[in-house]
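Engineer: Here it is, the structure, as structure tokens.
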Amino acid sequence: MACRSGQGSLPAERVGVPHSQFLTSARAAAYVEEALRWLPSDDRADKMPRLPGEVAGAARSKKRARILLADDNADMRDYLIRLLSAHWDVTAVPDGQEALAAARQRRPDLVLSDVMMPCLSGVDLVTALRREPKLADVPIILLSARAGEAAQVEGLAAGADDYVIKPFAARELLARVNSALALSRQRHDAADRVRRSEAQLRAAVDLVGMTLYSWDPTTDALDWDARLKAMWGLPPEAHVDVDIFLGAIHPDDRPRVEAAIAHCRDPRGDGVYAIAYRVIGIEDGVERWISTHGQTVFDAGRPIGFIGAALDITAHKRAEDDLRESEERFQQFAAHSTSVLWMVDVRTMRMEYLSPAYEQVWGEPPDAMLQDWRPHWLGTVHPEDRELASGAMDRVLRGETVDQEYRIVRGNGSVRWIRDTFFAIRGTGGRIRRVAGIAQDITNHSGSLIYVINAEEASQRELLLLLRGVGYDVKAFTSARAFLEIAPALIPGCVLLDIRAPETGGLAIPRELRARRIHLPVIVMGSCDGNIRLAVRAMKAGAVDFLEVPYEREALLAAVASALADIRDTAERSSVAEVARARIADMSTRERAVLEGLLAGGTNKTMARDLGISPRTVENHRAHVMERLGARTLPEAVLMAAAAGLRPPLRTQGETQEE
């Protein structure tokens, strides 16, 4: 081969062009450096360049990155193995086809490939890897002697991350490989963080039953998941659009929803969409409450995107309605009750509620009691009963239920007897949150008052001495007329009626009391001369007992004690009824329905069918009913409900036959 000398063989445009000594020497140095490292000398490894910032003898990372090397030139392949192995694990193959198979078998952290190779070129290898879902994000660096811009553009357009032109400086290649691996790790770390964040968000969304959705304000396209479609009464595969969304909204709520949408689309506002409204299921017809919150994204004053979250709050709304109804029932009950209902917050020790009856029973406005209840309350208690009353409050604060009787001294000096039922109200975790009570004025029910109707002065005096001598309070009347005129205003007590004198009216008093539903037990005293017909007539007239005159002292006292015991029993039953009515009034609508079902003899299954809920839900409501009533057994709960006047609903003949 002959090489021409001089300028004659050169193109005219190359003649006279300035020669760059620096570029020539740099290119030459790269070739020399690369060629020297191709030599199989043992001392080459010691002269391998280090990564930027690497310190000799520094510990390698616990996990070395894996590089897949593809090059059909054995010398270049061996050189690159020696160069890269000092820092990473290297797997080398002679062509692109084997490189693709090796990558599929075991994912590499980076692919370093020559461009010009048999079977499958480097560019085709890039294209194939980018089509593989599991390998599409692997960083790829191409090596080629083709230095033209078109060759680089072709490689980068195919999906390569970098393009290194041969010859190259070893340090340059190491730096590019290290940089590509670092960027890949950063991308993977960022992707992992995003995946973890999305998983946490999804877990939180699933935990509260929330659903995420999006809306394109420019096209009105909606993206809903199956859970949100179910809120609209739609199956998972159903199509949704703005018309379907708006069409299911309750007519009374639609104007508010449309106003909220207009607000969030307005670039002059904050873009927030927050509202609660009712939806009527399109296919199931079920009314649901939906709470939603979202944010519009704006670009140059135009809404371009929206993302929001929706939550079905139907159960919460129903609970609010039940609570409001329960509170209204309680307020109505308390307003008409003659007993004083009270409630104290244990944490603040402030009186939360005091019913209107307080002013009538205590004879003073409730202001002082509401401000500083315990000192004021104890101040109204009779000095002899304060220790007892205070001890009852301390016991209920420890969780006991206490029935305590004590006296109060009203502002006018009058003394009244109070029966107070103290009980604790527990919150979540069983901790006592409040203490409450029902204070009943039992001055009228003390069971020690006796009304004597006797026209004969000596006989009346003897009777009064006997009764007062054993501790009874006695009020005397000389005629039936005088007694019946004030009978409706009399406090409960026992009536001793001597019918021997005409003025006492015979059996008119027990008959009149029964007709007027005045509950005063009457003991009739008279002479029947061994004829029991008078006694029978007296009992039929409404008397509770008949005593023949002259009477035995013990017989009289026994009859009086029996009648007064009946009064106390009636008062206790009335107290139980008051407590039961208060507790039933505090029940939710669903709990009251379950109680009525229990009174009707229903089972969990039949009540579930009647109420449209599951037997499991009935069981939960049933447990709440027992807890609210304070009943340990079903018969006890039924008795308390009956005492409160609750009766099972009447059932039609058709309902009975269906069962």
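The values are calculated or read from the model by the stated rules, or taken from the named source; none is laboratory data. Worth saying up front: this structure is predicted, and the values here are computed from it rather than measured. Here Cβ is always computed from backbone atoms with ideal geometry, including for glycine, and neighbour counts include all displayed protein chains. Ligands, DNA and RNA are stripped out before the accessible areas are found, and what is left, the full protein with its side chains, is counted by its heavy atoms. Shrake-Rupley method; radii C 1.70, N 1.55, O 1.52, S 1.80 Å.
Engineer: So how far apart, in nm, are the two label points at ARG514 and GLU172 if each is 7 Å from Cα heading toward Cβ?
Structural biologist: 12.4
Engineer: Between the stretch 61-118 and the stretch 456-501, how many Å separate their Cα centres?
Structural biologist: When both Cα centres are located, 120 Å separates them.
Engineer: Here is a further query. Treating the beta-carbon of each Lys and Arg as +1 and of each Asp and Glu as -1, no other charges, what is the dipole magnitude of the stretch 111-239 about its Cα centre, to the nearest 20 debye? Please report the intermediate quantities before stating the final value.
Structural biologist: Working: 15 positive and 18 negative charges, 93 e Å.
About 440 debye.
Engineer: Can you grab the distance from the C-alpha centre of the stretch 595-645 to the C-alpha centre of the stretch 317-368, Å, no decimals?
Structural biologist: 26
Engineer: Here's a follow-up. If I model a spin label as a point 7 Å beyond the Cα along the Cα-Cβ vector, how far apart are those points for SER479 and ASP610 in nm?
Structural biologist: Inter-label distance under the simple model: 5.7 nm.
Engineer: So if I average 1/r over every pair of distinct C-alpha atoms in the stretch 118-236 and take the inverse, what Kirkwood radius in Å does that give? Don't skip to the end; give the middle numbers.
Structural biologist: On the way: mean 1/r = 0.0541 Å⁻¹.
Taking every pair of different Cα atoms in the stretch 118-236, averaging 1/r and inverting gives 18.5 Å.
Engineer: A further question follows. Tell me, what % of the accessible area of the stretch 495-617 is carbon and sulfur with a 1.4 angstrom probe? Spell out each step's value before the answer.
Structural biologist: Numbers: 3250 of 6290 Å².
Ligands and nucleic acids excluded, carbon and sulfur give 52 percent.
Engineer: Something else now. Quick one: order MET525, MET626 from most to least accessible surface, probe 1.4 Å. Working shown, then result.
Structural biologist: On the way: MET525 5, MET626 35 Å².
The ordering from most to least exposed comes out as MET626, MET525.
Engineer: Compare SER527, SER326 by solvent-accessible area with a 1.4 Å probe and give them largest first, with all protein chains kept in place. All intermediate terms of the calculation are to be shown ahead of the outcome.
Structural biologist: On the way: SER527 55, SER326 5 Å².
Ranking SER527, SER326 by accessible area, largest first, yields SER527, SER326.
Engineer: Hey, what do the phi angles of the stretch 361-376 turn into as Karplus ³J(HN,Hα) couplings, whole Hz, using 6.51/-1.76/1.60 and θ = phi - 60°, x for Gly and Pro?
Structural biologist: Result, rounded to whole Hz: 7, 7, x, 8, x, x, 4, 4, 5, 6, 6, 9, 5, 5, x, 5.
Engineer: Same structure, new question: Which value, in Å² and to the nearest 10, is the accessible area of TRP417 when all protein chains are kept and the probe is 1.4 Å?
Structural biologist: Looks like 90 Å² after rounding.
Engineer: Any idea what Rg and Dmax come out to for the stretch 381-445 if you just take the C-alpha atoms, in Å?
Structural biologist: Radius of gyration, then largest Cα-Cα span, for the stretch 381-445: 13.4, 45 Å.
Engineer: Ordering VAL90, VAL194 by how much accessible area each has at a 1.4 Å probe, largest first, what is the list? List each step's numbers first, then the result.
Structural biologist: Details: VAL90 40, VAL194 75 Å².
Result of the area sort, largest leading: VAL194, VAL90.
Engineer: Would you tell me the accessible area of THR428, worked out with a 1.4 angstrom probe on the heavy atoms of the protein chains, in Å² to the nearest 10?
Structural biologist: THR428 has an accessible surface of roughly 120 Å² with all protein chains in place.
Engineer: How much area per residue is accessible in the stretch 216-339 when the probe is 1.4 Å and only protein heavy atoms are counted (Å²)?
Structural biologist: It amounts to 55 Å² per residue over the stretch 216-339.
Engineer: I would also like to ask the following. Over the stretch 183-292, with a single point scatterer placed on each C-alpha, what log10 of the ratio I(q)/I(0) does the Debye formula yield at q = 0.18, 0.20, 0.23 1/Å?
Structural biologist: -1.01, -1.15, -1.34
Engineer: A follow-up question, please. Rounded to the nearest 10 Å², what accessible area does ILE613 have for a 1.4 Å probe in the complete protein model?
Structural biologist: Estimated to the nearest 10 Å², ILE613 gives 40 Å².
Engineer: Using packing as a proxy for protection, rank 267-275, 433-441 so that the peptide with the highest average count of other Cβ atoms within 10 Å comes first. Walk me through the numbers on the way to the answer.
Structural biologist: Working: 267-275: 13.6, 433-441: 20.0.
Per-residue Cβ counts within 10 Å, averaged per peptide and sorted highest first, yield 433-441, 267-275.
Engineer: Mean separation of Cα pairs under 8 Å and 6+ residues apart, divided by the residue count of the stretch 404-518: what relative contact order is that in percent? Before the final figure, lay out the partial values.
Structural biologist: On the way: 166 pairs, mean separation 23.8, N = 115.
Relative contact order comes out at 21 percent.
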